[in-house]
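I have placed the structure first, in the form of structure tokens, so that the comments after it can refer back to it.
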Amino acid sequence: KDSFHKYITSDDELLRKAGIEIVAHFPDDFLLNNSQEIVDFCFSEYKEVREAIQPTIERLVNLDAVFKNNLLNKLLSVLVEAESYKGLHEDTYQLLTKYFKDNLALLTEEQIFSFVLSKYEFAQNLGTPLFDKKIQLATVSIPQLVKLADSDVFSIRKKIACYFKENSSKINNELEPALQIFNAEWQDVIDWSIAYFDEYIIPANWSVDMLLYVCDNVKKDVQTFGMKM
């Protein structure tokens with residue numbers, strides 16, 4: 001362990017991988033004393049390093065609860081940031097789902113929303129099952145529902161559309177914030193929104209300001225709908 005640095009910093013892929021694999025066999029006190037450097041290997045530019053460090057990570061998360069919690073927070077933040085290196089999100093996702101299953105079940109509503117609203121595939125992959133299992137749409141505010149309606153995850157967009165249809169009285173009562181849905185980027189959201197607001201919104205609930213807001217939308221089909229109303 002006094003000379004492993006020359007292996008893990010080698011220009012040779014095989015030596016780098018071998019050096020990292022050897023670390024998993026070092027004593028507990030060595031791993032704990034060098035935990036920060038070991039964490040850095042999880043985010044290496046080299047895929048073989050990120051893969052080879054996983055047995056060591058498994059040992060450390062079982063040895064030190066503080067280390068486990070700090071690493072969890074770091075992994076979660078990396079997943080919603082742009083990749084520094086190709087494949088980093090995928091390897092981060094694998095670490096999370098392999099060693100942090102119990103912790104993921106404790107994530108907050110805000111954290112789950114950040115994943116399903118992310119533009120990154122593996123953040124969405126992590127957040128969607130948690131969203132389906134833990135989030136009760138009845139407890140979510142209209143502004144947040146509007147944000148969720150524009151998620152890149154189609155199954156979530158579909159859930160929001162169903163919720164609007166099944167809770168038309170709530171949408172009628174909070175019509176003004178609900179109109180923000182017309183700012184969605186996804187055309188399927190715009191299409192069902194126009195049909196929904198035409199069919200389910202009571203005419204008397206439209207104010208002049210609301211109608212003008214819809215008419216001023218940059219999308220031609222939304223403008224046309226607003227003028228019709």
Residue separation between Ala82 and Asp152 times 0.36 nm, minus their alpha-carbon distance, gives in nm 23.6 nm
If R0 = 25 Å, then Lys170 and Val218, at their Cβ-Cβ distance, give a FRET efficiency to the nearest 0.05 of 0.40
Taking a crude spin-label model, label points 7 Å out from Cα along the C-beta direction, the Leu137 to Met227 distance in nm is 3.2 nm
Once phi for every residue in region 44-61 is put through the Karplus expression 6.51 cos²θ - 1.76 cosθ + 1.60 (θ = phi - 60°), the whole-Hz ³J(HN,Hα) values, with Gly and Pro written as x, are 5, 6, 9, 4, 5, 6, 4, 6, 5, 7, 4, x, 5, 4, 4, 5, 5, 5
Flagged as over-length at 28 Å C-alpha distance, from Lys47/Lys159; Lys119/Lys158; Lys47/Lys158, the pairs are Lys47/Lys159; Lys47/Lys158
Diffing region 169-182: the Karplus 3J(HN,Hα) column from phi (6.51, -1.76, 1.60, θ = phi - 60°), in whole Hz with x for Gly and Pro, holds 5, 5, 5, 4, 6, 10, 5, 4, x, 5, 5, 4, 5, 6
Relative contact order of the chain (C-alpha contacts under 8 Å, at least 6 apart) in percent is 10 percent
Other residues with Cβ under 14 Å from the Cβ of Glu83 give, with Lys and Arg +1 and Asp and Glu -1, a net charge of -1
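Averaging sequence separations of C-alpha pairs under 8 Å and six or more residues apart, then dividing by the length of region 29-141, give the relative contact order as a whole percent.
19 percent
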Averaged over all viewing directions, the convex hull of the alpha carbons in region 1-136 casts a projected area in nm² of 8.1 nm²
With R₀ set to 25 angstrom, the calculated FRET efficiency between the beta-carbons of Val66 and Glu45, to the nearest 0.05, is 0.40
Region 147-229: relative contact order from alpha carbon pairs under 8 Å, six or more residues apart, as a whole percent, is 25 percent
Taking Lys and Arg as +1 and Asp and Glu as -1, residues besides Phe131 with C-beta under 13 Å from its C-beta add up to +2
Taking a crude spin-label model, label points 7 Å out from Cα along the C-beta direction, the Phe30 to Ser10 distance in nm is 1.6 nm
In whole percent, the fraction of accessible protein surface over region 113-157 that belongs to carbon or sulfur atoms, probe radius 1.4 Å, stands at 57 percent
So, with points 7 Å from each Cα along the Cβ direction, the Gln111-Ala204 label distance in nm works out to 4.7 nm
For Lys47, Lys119, the accessible-area ranking with a 1.4 Å probe, largest leading, is Lys119, Lys47
Residue-normalised value, i.e. accessible area per residue, for the chain at 1.4 Å probe, in Å², stands at 54 Å²
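The values are calculated or read from the model by the stated rules, or taken from the named source; none is laboratory data. Just so it is clear, the structure is predicted and the values come from calculations on it, not from any experiment. FYI the Cβ positions are ideal-geometry reconstructions off the backbone, even for glycines, and counts take in every protein chain you see. Please note that ligands, DNA and RNA were not included when accessible areas were found on the heavy atoms of the full protein model with its side chains. Shrake-Rupley method; radii C 1.70, N 1.55, O 1.52, S 1.80 Å.
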